[in-house]
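Everything on this sheet refers to the single structure shown next.
The values are calculated or read from the model by the stated rules, or taken from the named source; none is laboratory data. Quantities reported herein were computed from a predicted structural model and do not represent experimental measurements. Here Cβ is always computed from backbone atoms with ideal geometry, including for glycine, and neighbour counts include all displayed protein chains.
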Amino acid sequence: MGIVSRGFRGRRREQDDRLPPGQYLVDDFPVLSAGPTPRVPLDRWEFAIDTEAEVTHRWSWPELMALAQTTPTVDLHCVTKWSKLDTSWQGVSLDTLFEDVETAAEYALVYSYGGYTTNLPLEDLLDGKAWIVHRYDGEELEPRHGGPARLLVPHLYLWKSAKWVRGIRLLDEDWPGFWETAGYHNYGDPWREQRYQGD
Amino acid sequence: MTTEHLDGNALAGPLAEIFSVDVTAATGRCASCGLSGPVASLRVYGPAPGFVARCPGCDEVVLRLVRGPDAAWLDLRGAVSLRVALPE
C-alpha cells in the first residue's frame, strides 16, 4: 500500500460518501437533451411565478440581476448514473423570488423555453434548496447547459433542474412533467435511487 | 441545432423490442401541425434519459420512448395515427 497515500484514500472515501447508490463520478459535464437548444435573447427573457390564485410575478433579466446573488457549490446527480461533485454556480435563491409570493399551493410545475416541464413539491424549492442560476464555474451559463438561466435543485436527480427555465406554476394538485409522464419517477431522490416509476 | 439530433432510424432497434413490425417504416401524422411522413424522418434526441422524436416540420414531440430495466414507456400522444403497411 506504500504508493497510495492516506490523503488520497481519505479523499476517495469522502467522494464515495457523496456518491448516491448506482452512480459513478465524471469530471466532464455531459449534455443530455430532449430537443433543440432554445436561444433566448436577454432583452426578451423573463421568469414568472404563477400562483394558484392566478397572480403572476414576473422578473426581467435586469430585475433578476438586481436581486441578491448567491454562489452555491453543489453535487449533481443525473438519473443516467453520472455524478459531478463540487460544481460552482451563481444565481438567485428561490427563497428570494418567493418573498412576496402568497400561496398555499403544495405543488410546483416548472416550465422552460422550448416546452420542457418538470414537477416537484413546492417545499423542495424553498429553504435554501433551489436556485435560478445564470453562471457556472465563473462564466455565463452556456445555452447547452441551460443558459441564460436554469433551475438548480441538486438534492433531486438533475432532470428536475430544468434548463432554460421560464417559470414556475403553483398548483393545488400534482401535475407530472415531461419525463415524469414517460416512465421516470415522480420525485427523483438520488439517495433512494428513485429513477423510474415504481422505484 | 442540426448536429444535436439523430434521425428516426435510431428508433428501429428500441421499437423492435416492443413491436414485431418495423415502426420506423410506418407513416405518422403529427398531432400538432398535421405533417405526414415516415417515422424514420423524425428528429430524434436521445437515447438518454429517453428517446424524444420530434416533427421535422414544427419540432413538436411526436413520440417518446423510455427504456427502464424491466419495462418500456411509449408515448404517442403527438401522433394522430401511424399507417403500418401489412402483407396482403
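The table below gives the values:
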| quantity | calculated |
| --- | --- |
| Output for segment B:44-73, where each listed residue is more than 8 Å from chain A (Cβ to nearest Cβ) and farther than 19 Å from A:THR117 by Cβ | B:VAL44, B:PRO47, B:PRO56, B:GLY57, B:ARG67, B:ASP70 |
| For B:VAL84: the one exception among (1) more than 10 Å from chain A (Cβ to nearest Cβ); (2) surrounded by 15 or more Cβ atoms within 10 Å (Cβ to Cβ) | (2) |
| Filter result for A:GLU180 (within 14 Å of another protein chain (Cβ to nearest Cβ) and either surrounded by 20 or more Cβ atoms within 10 Å (Cβ to Cβ) or in contact with a Lys or Arg (Cβ under 9 Å, 6 or more places away or on another chain) (or both)) | yes |
| Checklist (1) among the small types (Gly, Ala, Ser); (2) under 25 Å from B:VAL52 (Cβ atoms); (3) surrounded by 15 or more Cβ atoms within 10 Å (Cβ to Cβ) applied to A:GLY198, failing item | (3) |
| Yes/no for A:ALA149 being more than 14 Å from chain B (Cβ to nearest Cβ) and more than 21 Å from A:ARG18 (Cβ to Cβ) | yes |
| Segment A:14-29: number of residues that are modelled with pLDDT under 95 and under 16 Å from A:GLN194 (Cβ atoms) | 0 |
| Residue match in segment B:55-73 (condition: without any contact (Cβ under 8 Å) to a residue 40 or more places away in the chain and touching a helix residue (DSSP H, G or I) at 6+ places or on another chain (Cβ under 7 Å)) | yes |
| Residue, farthest from the other protein chains (Cβ to nearest Cβ), within segment A:133-146, restricted to residues that are surrounded by fewer than 23 Cβ atoms within 10 Å (Cβ to Cβ) and part of a loop (DSSP other than H, G, I, E, B) | A:GLY138 |
| Residue check for A:PRO20: in a loop (DSSP other than H, G, I, E, B) and surrounded by 14 or more Cβ atoms within 10 Å (Cβ to Cβ) | yes |
| Top-ranked residue of segment A:90-132 - restricted to ones that are more than 14 Å from every other protein chain (Cβ to nearest Cβ) and hydroxyl-bearing (Ser, Thr, Tyr), ranked as farthest from the chain's Cα centre (by Cα) | A:THR103 |
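Quick grid of which residues meet (1) in contact (Cβ under 8 Å) with a residue 24 or more places away in the chain; (2) closer than 22 Å to A:LEU156 by Cα; (3) touching a Leu at 6+ places or on another chain (Cβ under 8 Å):
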| position | (1), (2), (3) |
| --- | --- |
| A:LEU32 | yes, yes, no |
| A:THR51 | yes, no, yes |
| A:LEU67 | yes, no, yes |
| A:ASP75 | yes, yes, yes |
| A:SER93 | yes, yes, no |
| A:SER112 | yes, yes, no |
| A:LEU120 | yes, yes, yes |
